[in-house]
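Below is one structure, written out as C-alpha cells, with a few remarks after it.
Quick note: the coordinates plus some simple rules give every number you see, no bench work behind them. Keep in mind that this is a model prediction, so the values were computed, not measured. So basically every Cβ, Gly included, is an ideal-geometry build from the backbone, and we count neighbours across all protein chains shown.
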Amino acid sequence: MALIEISNLKKYYVSGDDTVEALRGVDIAIEAGEFITIMGQSGSGKSTLLSVLGGMNHPTEGEVEMAGVKLYDLSGEKLADFRAGNLGFVFQSFHLIPYLTAMENVMLPLAIANMKGAQKRGAAKEALERVGLGNKVDRLPNQLSGGEQERVAIARAIVNSPHILLADEPTGNLDSKTSEEVMGLFRELNQTGQTVVMVTHNAENCQYADRTIQLKDGMVV
Amino acid sequence: MKLHNISINNLRRRKAKMAFLTIGLMVGIATIVTLVTLTKSMSSDIERKMDEFGANILITPQSNDLSMSYGGISLGGVTFDQREIREEDLAKITSIKNNKNISTVSPKVLGGVRVAEKDILLVGVNFDSELKMKQWWQIFGEAPKNEGEVLLGSDAAKALNVMSGDTVEIKGEKFKVAGVLDQTGSQDDALVFAPLMKAQKLLGKEGRITLVEVAALCAGCPIGDMVVQIAEKLPEAKVSAIQQVVESRLHALDQFSRFSYGVAAVVVFIGALIVFVTMMGSVNERTTEIGVFRAIGFRRSHIMRIILLEAVLVSLLAGLLGYASGMGAAKLTLPIMAEGKNAVLIWDSTVAFGSIALALVVGVLASLYPALHASKMDPTEALRAL
C-alpha cells in the first residue's frame, strides 16, 4: 500500500452563485521515500491539492489516506495532532516567526511535543546542522539571508522527523543559485529516506524529483 | 521550547506593542488605585473632621418623667434628679467591644441655679473633652483652667451683663468669668459652664452625671452596635444614637465613595477596551504566524494558551505598575484634595492585591475573544500561500 493514496479528490469553492472547481477528481498514489513534484499553471489546483494533502483543507469529495489514516475522518484537533506527528511544511515565503531565533523557530513544532528541553534543543541543533546553519542558531530571521531563512524553514519542517515533507514553491522567492542549493538540500533529505511532495511552477526543479505530476484545470494530465 | 516561551519571546521582542498594551491597562489600574486610595484616605480624614463636629451617641438616665430639651434632644428626667448615671460608670463606656471607635467621652452634670436673680442652667463639664468635641467654639477670653473659673454662653453673659474677666456669684461662691462663647446658635448660648467637680458640688450631685455625650469615630460607623454595647454595660441608662449626625456622615461618605467607584468603573471599561482593541489588532497582525502554528500541528487550545498567557503577563505587569503609580499619584494628590496636611495616605494590602487581581481579570476577559478568534483561524486562509 502506498504511503499516500488520494482517490477521486474533488474540491469546489463556492462564492455566491459562482462555483470554482479547483480539483475535479484527482487520483494519486505516492510511495514512501518518493520525491514528487506537482507542476501546473496558476489556477491548476496544485496549491489546493497540497493544502488538502496537508490536512488543512477539507475536500468536497474523495479521500486522502496517509500512512493508513483517512485524514478527513479525523476531528479538527486530531487532525492537528496528525499534522504535528506526521507532516512537515515548507512555505513559499518561509513564514518564520520574526521574534524567534533560528533555533527557536526550528524548535517550534516541538513546543507541543512531550520531550525534555535538552532533547528538543538537540533535535533542533541537528536539524539546523543538516541544513548547514549550525553556526547561526541564535540569529533572528531578519539577520539571515533569504536562502538561510529557507533553510531554517526546512529545518523546522524536518525537526519532528515527519513521514512526509510538503513544500509549496520553496524556491519562489530565491535567486537561481540559492534555488539550486535549496533543491540540492531537498534531494539530500530525500536520499536519506524522506518522502517529499513539492508544488512548483519551475520546470528546472523537476530534475531533482523521482516523478512529476502535472495538473491542469484541477485534474492530473 | 514550550508554549510559554513563544508568549514571552513575543512580548520581549515586540517591546513597543507590549509597552502600549501595558500602559493602556496600567493607566486604568493606576486611576482606580488613586481614586480608591484617595477615597479611603479622604474618608478617614472626613471622619476625623466630622468627629470634631460633636457627639453622635447620647447617654441619659432612664426616666418616664417629663423630659427636658437639650438642643432638641430629649433628656429624660433631668429636671427631677432621678437615677442619674454614676461617675464610676464612665469607665464602663470605654470598656465596650468597639472601644477603639470611641473618640471622646464628655460627661455632664446639669442643674438650675440662680445667678444675679436669674434662673440659669449650670452645666458641669470636663473642659478637655468638651473642647475636643466642640472645636467650633470661639471663646472670647480663655477656657477655665481651675475650679474658680467658669465659661459663659453669649446669651447668658448678656443676661448677666458680664464679660470675660468679670466675676459672678453662684450659690454664694464667686467665680471668675474666664471666657465668653461667641454666639453658636445652639443651647450652649444660654448656659454657664463650670468644671465638672465644682458643678457637682454646687448642685449637690457629687459622683453623679446627668448625661454623657460620646463622639464615636465613624470608621464603618458601627454606631448601632456601640449603642447596644453601651446599653448592655449601663442598663440603668438610656443610650441613643443621634441619628441625624450619623446619617449625614454616612451620606457624605457614601456619596463620595459612589462617585469614585463610578469613575473607577468607567476607567476600567476604557482599560478593557484598550486591551481588547490592541489584542484584536495583534491577533489580526499575527494571522500568518497563527496559520503557521496551526499548520505545524498546534491545537486551538494551544493558540488560546499563547494569547491568554501574553494577556496574563501584560496584565500582571500593568497591575504592579498601576498599583505603584496609582499610590504615587494618590500621595501627590492627597494634600490638595484633602485641603490639609493632616490627611494620611492609607496603604491597604487589599487595594494592592485587588488592583493586580483586577488587572488580571480585565486583561484576560478582554483578551478572551481575540484568543478565541485566533484559535478559530483557518490555517489555509491564514497562510494564503497554501
Given springs between every Cα pair under 10 Å in a Gaussian network model of chain B, which of B:310, B:169, B:87 has the largest fluctuation?
B:169
If you average 1/r over all unlike Cα pairs in the stretch A:134-221 and invert the result, what Kirkwood radius do you get in angstrom?
14.1 Å
Take the eigenvalues of the Cα gyration tensor for the stretch A:49-171, scale each by 5, and report the square roots as semi-axes in whole Å, largest first.
27, 16, 11
Estimated translational D of the protein assembly as shown in µm²/s (Stokes, Kirkwood radius over Cα pairs; 4 °C; 1.567 mPa s):
41 µm²/s
Considering the dipole of the stretch B:56-241 built from charges on the beta carbon (Lys and Arg +1, Asp and Glu -1) around the Cα centre, which of B:184, B:133, B:162 is farthest to its positive end?
B:133
For the protein assembly as shown, whose charge dipole is built from +1 on Lys and Arg Cβ atoms and -1 on Asp and Glu Cβ atoms, the candidate among B:85, A:119, A:79 with its Cα farthest towards the positive end is A:119
Starting from the 7 Å offset along Cα-to-Cβ, what nm value, one decimal, do you get for the label separation of residue A:145 and residue A:42?
2.8 nm
Taking the Cα centre of the protein assembly as shown as origin, sum charge times position over the Cβ atoms of Lys and Arg (+1) and Asp and Glu (-1), and report the length of that vector in debye to the nearest 20.
980 debye
At 0.36 nm per residue, minus the direct Cα-Cα distance, what do residue B:145 and residue B:206 gain on full extension? Give it in nm, one decimal, please.
20.0 nm
Against the globular-protein guess of 2.2 N^0.38 Å, express the Cα radius of gyration of chain A as a ratio, rounded to two decimals.
1.01
Let me know the charge dipole size of the stretch B:56-241 about its Cα centre in debye, to the nearest 20, where only the beta-carbon of Lys, Arg (+1) and Asp, Glu (-1) is charged.
300 debye
Once you put a point 7 Å from the Cα of residue B:228 and another 7 Å from the Cα of residue B:163, both along the Cβ direction, what distance in nm separates them?
5.5 nm
Go ahead and collect, in residue order, the members of the stretch A:29-68 whose backbone nitrogen is under 12 Å from a label point 7 Å along the Cα-Cβ direction of residue A:5.
A:29-30, A:63-68
Tell me, rounded to the nearest percent, the portion of alpha carbon pairs in the stretch A:18-118 spaced more than 22 Å apart.
44 percent
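Strictly greater than 14 Å: what percent of every Cα pair in the stretch A:1-63 meets that?
That fraction is 59 percent.
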From the backbone phi of the stretch A:2-15, what are the Karplus-calculated ³J(HN,Hα) couplings (6.51 cos²θ - 1.76 cosθ + 1.60, θ = phi - 60°) in whole Hz, Gly and Pro given as x?
5, 5, 10, 10, 10, 10, 6, 6, 10, 9, 10, 10, 9, 9
If you place +1 on the Cβ of every Lys and Arg and -1 on the Cβ of every Asp and Glu, how big does the dipole about the Cα centre of the stretch B:275-386 come out, in debye to the nearest 20?
240 debye
According to a simple spin-label model (label point 7 Å from Cα along Cα-to-Cβ), what is the distance in nm between residue A:32 and residue A:58?
3.1 nm
At q = 0.06 1/Å the base-10 log of I(q)/I(0) from the Debye formula over the alpha-carbon atoms of chain B is -0.43
What 222 nm value per residue comes from the helices of chain A, counting each DSSP H run with n ≥ 4 as -39,500 (n - 2.57) and dividing by all residues, nearest 500 deg cm²/dmol?
-9500 deg cm²/dmol
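Count, for each residue of B:294-307, the Cβ atoms from other chains sitting within 10 Å of its Cβ, then give me the mean as a whole number.
6
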Per-residue average of Cβ from other chains inside 10 Å of B:100-106:
0
For the charge dipole of chain B, defined by +1 on Lys and Arg C-beta atoms and -1 on Asp and Glu C-beta atoms about the Cα centroid, which residue among B:116, B:196, B:32 has the Cα displaced farthest towards the positive pole?
B:32
Its Cα gyration tensor gives the stretch B:280-368 an equivalent ellipsoid whose semi-axes in whole Å, largest first, are 41, 12, 8
Could you tell me what % of all Cα pairs in the stretch B:56-241 have separations over 22 Å?
45 percent
Would you mind calculating the gained length between residue B:273 and residue B:240 on full extension (0.36 nm times residue separation, minus the Cα-Cα distance), in nm to one decimal?
6.8 nm
Is it possible to state the helix-based mean residue ellipticity at 222 nm for chain B, with each DSSP H run of 4+ residues giving -39500 (n - 2.57), the sum divided by total residues, to the nearest 500 deg cm²/dmol? What is it?
-18000 deg cm²/dmol
If you count, for every residue in A:104-115, the Cβ atoms of partner chains within 10 Å of its Cβ, what is the mean?
5
